[in-house]
Amino acid sequence: MRARLPAPDLDATDLRILDLLQESCKRPLASIGEKVGLSAPAVMERVHKMEEAGVIHGYVALVDARLLGLDVTAFIGVSVAHPRMIGAFEREVVNMDAVLECHHVTGAHTLLLKVRTVNTEGLEELIDRIRSVEGVTRTETNVVLSTQTERTRIALDLEEADAQPRQRRIVRERTPRAGRPAQ
């Protein structure tokens, strides 16, 4: 289980930068800066801080799976015999390229997988491979017929962020040391 990180302190400008990066991470920093009222170096500094805090953990190209020959999308519910077997299963599916997502869920199954394969034969082979993992007691597969909506972008409430007052940083005056002028 991952350790939960403290929520970073993001202001309205940070949220606008995140929104613009989600729209297109290839957008030049100067262009982002123009939209949020900062210089490119100031935008880069904020982006770097969000990367360090784990808010941004990567940049990817979104591709059309069907145009790449992955024609079948399915969700596979997986039940395991005992909770102590969940970690081993999760480590095993990391090595299965067709598995795009693996979620520990509530309900009828222990885990829910989102997968993409070339065809139904490939899906059947993947299901057999999943069933062969130690501890798997049952699977249930739902094949996607069509997809109306599929998002990777996280909706950010920019209006609420803009309405909140900006927090001001407290700047403390430096006390001069003996023989040094105050800065």
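Read the figures in this text as sums done on the coordinates, not as results from a lab. In this text the structure is predicted, and so the values were computed from the model without any measurement. Every residue, glycine as well, gets a Cβ built from its backbone with ideal geometry; the counts of neighbours run over all protein chains shown.
Full-extension gain between E23 and R153, please, as 0.36 nm times their residue separation minus the C-alpha to C-alpha distance.
Working it through step by step, the gained length comes to 46.0 nm.
Can you check what the net charge comes to around V80, using other residues whose Cβ is under 14 Å from the Cβ of V80 (Lys, Arg +1; Asp, Glu -1)?
Surrounding charge for V80 is 0.
Just the number, please: Stokes-Einstein D of segment 26-108 in µm²/s, Kirkwood Rh from C-alpha pairs, 37 °C, 0.692 mPa s.
Answer, rounded: 193 µm²/s.
Modelled label-to-label distance, V55 and H104, 7 Å Cα→beta-carbon offset: nm?
Roughly 2.7 nm, to one decimal.
Over segment 12-61, calculate the relative contact order: mean separation of alpha carbon pairs under 8 Å at least 6 apart, over the residue count, as a percent.
About 28 percent, as a whole number.
Can you give the charge dipole size of segment 66-143 about its Cα centre, rounded to the nearest 20 debye, using +1 on the beta carbon of Lys and Arg and -1 on the beta carbon of Asp and Glu?
220 debye
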